[in-house]
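Enquirer: Dropping a structure here in structure tokens format, bear with me for questions.
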Amino acid sequence: MFYGAVVWDPWLIVSQIVCLLCLYYLTLGLFMAVLVSARVPRMSLVYLFDFSTLVTSTVTGWCAIASFLLSSLAGAGYLFHLIERAKKCLDFSATLYIIHLFICIIYGGWPSSITWWVVNITGLALMSFLGRRLCIKRELQEIPIARLRSGNLRNSQVDEK
């Protein structure tokens, strides 16, 4: 979608990061709304940005963990459509999670929960690995040359007449 012939285009890279972040947080919010909002009286940004909500001792914590992991799987699909290059998947995934870390630090302080780190590192690994696999699968598809050749033959036959 955004991939072009220009090798270094900072506006393209920034727009891809912004699109990836928006889609990731939209998906995370939707999964949180479906999985977590049924268990809590009031939904807030705490469930997205505070490390203390990712706990394994409650069902709500497990629902929040599932939301983060499902969002990282959806993020792999976003990488497939937005980034389109296997070699860039790790870079964009890491950028997304580093920005998420900074937002979490601003919102709730340094994440001191080991569960938060495990969930986010697992999400980063899932997103980058699956996104890379999807992009590699696309990059390795055959280019249909037979169709191009038949079109060129028709054009050359018309030119000869």
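The values are calculated or read from the model by the stated rules, or taken from the named source; none is laboratory data. Keep in mind the model is a prediction, meaning the values are calculated, not measured. All Cβ positions, glycine included, derive from the backbone under ideal geometry; neighbour counts span all protein chains shown.
Enquirer: Out of all the residues in region 93-111, is one or more at pLDDT 95 or above and either in contact with a strand residue (DSSP E or B) (Cβ under 8 Å, 6 or more places away or on another chain) or among the polar types (S, T, N, Q) (or both)?
Expert: yes
Enquirer: For region 94-135, which residues satisfy the criterion of being of a type in the set (Val, Ile, Thr), over 12 Å from the mean Cα position of the chain (by Cα) and surrounded by 14 or more Cβ atoms within 10 Å (Cβ to Cβ)? Give the derivation first.
Expert: Step one: list which residues in region 94-135 are of a type in the set (Val, Ile, Thr), which gives 95, 98-99, 103, 105-106, 114-115, 118-119, 121-122.
Narrowing the set further to residues that are over 12 Å from the mean Cα position of the chain (by Cα) leaves 98-99, 103, 105-106, 114-115, 118-119, 121-122.
Scanning region 94-135 gives Ile99, Ile103, Thr115, Val119, Thr122.
Enquirer: Any idea which of (1) buried (at least 16 other Cβ atoms within 10 Å of the Cβ); (2) assigned to a helix (DSSP H, G or I) is the one Val34 doesn't satisfy?
Expert: (1)
Enquirer: Can you pull out every residue in region 47-71 that is among the hydrophobic types (A, V, I, L, M, F, W, C), surrounded by 14 or more Cβ atoms within 10 Å (Cβ to Cβ) and in a helix (DSSP H, G or I)? Spell out the reasoning first.
Expert: Start the filter on region 47-71 by keeping residues that are among the hydrophobic types (A, V, I, L, M, F, W, C), which leaves 48-49, 51, 54-55, 59, 62-66, 68-70.
Restricting the remaining residues to those that are surrounded by 14 or more Cβ atoms within 10 Å (Cβ to Cβ) gives 48-49, 51, 54-55, 62-66, 68-70.
Within region 47-71, Leu48, Phe49, Phe51, Trp62, Cys63, Ala64, Ile65, Ala66, Phe68, Leu69, Leu70 meet the criteria.
Enquirer: Scan Tyr78, Tyr97 and give me the residue that is in contact (Cβ under 8 Å) with a residue 40 or more places away in the chain, aromatic (Phe, Trp, Tyr) and under 16 Å from Val14 (Cα atoms). Please lay out each step first, then the result.
Expert: Numbers: Tyr97 fails: in contact (Cβ under 8 Å) with a residue 40 or more places away in the chain.
Of the residues listed, the single one that is in contact (Cβ under 8 Å) with a residue 40 or more places away in the chain, aromatic (Phe, Trp, Tyr) and under 16 Å from Val14 (Cα atoms) is Tyr78.
Enquirer: A follow-up question, please. Being in contact with a helix residue (DSSP H, G or I) (Cβ under 8 Å, 6 or more places away or on another chain) and in a helix (DSSP H, G or I) is the filter here, so list the residues in region 107-120 that pass it.
Expert: The answer is Tyr107, Gly108, Thr115, Trp116, Val119, Asn120.
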